[in-house]
Amino acid sequence: MRFVKVLLLVAMLLSVGSVFAQDAGSGAGLTIGFSQVGSESAWRTAFTEAVKAEAEARGINLLFSDAQQKQENQIAAVRSWIAQGVDAIIIAPVVETGWDEVLQEAQDAEIPVVIVDRNVTADPSLFVTRVSSDFVHEGRLAAAWLVQATAGKCAIVELQGTVGSSAALDRQKGFNEVIALFPDMKIVASQSGDFTRTGGKQVMESFLNSMDPSSICAVWAHNDDMLIGATQAMKEAGLDPADDILTISVDAIPDIFKAMMDGDANATVELSPYMGGPAFDAVVAALNGVELPKWIPVAGGIYFPDTAAEEYAKRGG
Ligand code: AHR
């Protein structure tokens, strides 16, 4: 009889334990610092909103810091959270180098760090995991579409993202790998527009002024915002975007689907802004001592005008 009572008690304790485990699973009550790159693009804004909404739904106390595209602001925010003794830190890094020291400081303070979106070159033992898409694959997808659309012959102008960011470096790498297989696919001009709409417009204007616009077959932009800026530059130069000059970009924001509906864009590769959920799950796992793989991939597809109206409506356009 005493044995049965002990068993019942153990069962009760286990069930209480699993309730705690469920709370721990959502991250409720945790204080987490989130250092965001900035608000340079519509995708970034959607990402910020999605992380904040996810934190609220889970009852997480999110300390949000907008770095305004400056790594030094990110490092200062991370140091202040370490001093405060937060439960965990999530970083969307502006650039990929220069993180080792501050990540070591977080590790010394036993505060787990999860990297989201862009990558870092720091030793992977300094962070729990990285939740992100495969930027190299995005570049490859973009190039594969362009090769097929132009039968492997195209003079391309490239609008690069932020210099030193893994999003720009890896998209460029993937794209270049594919076009290298086709001798008549060439990048004829390339410059950074810093992932902003105004940057994309200015760079495209300078391309159009410095070369014969009719020699340009396509514009490859590392994000949709720069591409939309570039379409404005093309229109002001009397060109018909997506017709006179083909377009391919990354993000799949509502405005690019609107541009497709208006006949001003040809294709976009998707980058999901919904990384908050997996990032918070990773924090909870780390706090519970669970080992995770160093990369948790987030998938995305490629979209064309045929589904633009549907995607525009679906994505809140
Ligand atoms: O790091 C992801 C990139 O950053 C997005 O493609 C771009 O829009 C943003 O600024």
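The values are calculated or read from the model by the stated rules, or taken from the named source; none is laboratory data. The model shown is predicted, which means the values in this text are computed figures rather than measured ones. Please note: Cβ atoms are built from the backbone with ideal geometry, for glycine as well, and neighbour counts cover all protein chains shown. Heads up: the accessible areas ignore ligands, DNA and RNA and are worked out on the full protein's heavy atoms, side chains in. Shrake-Rupley method; radii C 1.70, N 1.55, O 1.52, S 1.80 Å.
Sub-8 Å Cβ pairs linking a first residue in region 179-208 that is of a type in the set (A, V, I, L, M) to a second residue that is in a strand (DSSP E or B) and within 15 Å of the ligand (Cβ to nearest atom), at least 6 apart or interchain, are I187/E158; I187/W220; A189/E158; V203/L159; V203/S192; M204/L159, ordered by first then second residue. Among the residues of region 102-119, those identified as touching a residue at least 12 places away in the same chain (Cβ under 8 Å) and either within 12 Å of the ligand (Cβ to nearest atom) or open to solvent by 10 Å² or more (accessible area, probe 1.4 Å) (or both) are Q104, E105, Q107, A109, I111, P112, I115, V116, D117, R118, N119. If you check L239, L227 for being surrounded by fewer than 23 Cβ atoms within 10 Å (Cβ to Cβ), at pLDDT 95 or above and not basic (K, R), only one passes: L239. Of the numbered criteria (1) within 16 Å of the ligand (Cβ to nearest atom); (2) in contact with a helix residue (DSSP H, G or I) (Cβ under 8 Å, 6 or more places away or on another chain); (3) not β-branched (V, I, T), the one G164 fails is (2). Sort through G276, G289 and tell me the only one that's over 25 Å from V203 (Cα atoms) and away from the ligand (no atom under 16 Å from the Cβ). The match here is G289.
Every condition in (1) under 30 Å from D244 (Cβ atoms); (2) within 16 Å of the ligand (Cβ to nearest atom); (3) of a type in the set (A, V, I, L, M, F, W, C); (4) touching an Asp or Glu at 6+ places or on another chain (Cβ under 9 Å) holds for C154 except the one numbered (2).
If you go through region 81-101 one residue at a time, do you hit one that is more than 16 Å from the ligand (Cβ to nearest atom), under 17 Å from K294 (Cα atoms), out of contact with any Gly (no Cβ under 6 Å at 6 or more places or on another chain) and in a helix (DSSP H, G or I)? Checking region 81-101: at least one residue is more than 16 Å from the ligand (Cβ to nearest atom), under 17 Å from K294 (Cα atoms), out of contact with any Gly (no Cβ under 6 Å at 6 or more places or on another chain) and in a helix (DSSP H, G or I). A single entry from A282, A299, A265 fulfils the requirement of being assigned to a helix (DSSP H, G or I) and of a type in the set (A, V, I, L, M): A282. Residues in region 192-227 that are more than 16 Å from the ligand (Cβ to nearest atom), touching a Leu at 6+ places or on another chain (Cβ under 7 Å) and not in a helix (DSSP H, G or I): C217, A218. Given the criteria part of a strand (DSSP E or B) and surrounded by fewer than 18 Cβ atoms within 10 Å (Cβ to Cβ), does S249 qualify? Answer is no for this residue.
Restricted to region 167-176, and to residues that are open to solvent by 10 Å² or more (accessible area, probe 1.4 Å), without any contact (Cβ under 8 Å) to a residue 60 or more places away in the chain and within 13 Å of the ligand (Cβ to nearest atom), which residue is farthest from V298 (Cα to Cα)? Here the residue is Q172. Annotation: I179 fulfils all but one of (1) crowded, with 21+ Cβ neighbours inside 10 Å; (2) under 18 Å from the mean Cα position of the chain (by Cα); the unmet one is (2).
Please determine whether any residue of region 260-283 is over 26 Å from G174 (Cα atoms), outside the structural domain of F195 (by TED's automatic domain parsing) and open to solvent by 10 Å² or more (accessible area, probe 1.4 Å). Yes, some residue in region 260-283 is over 26 Å from G174 (Cα atoms), outside the structural domain of F195 (by TED's automatic domain parsing) and open to solvent by 10 Å² or more (accessible area, probe 1.4 Å).
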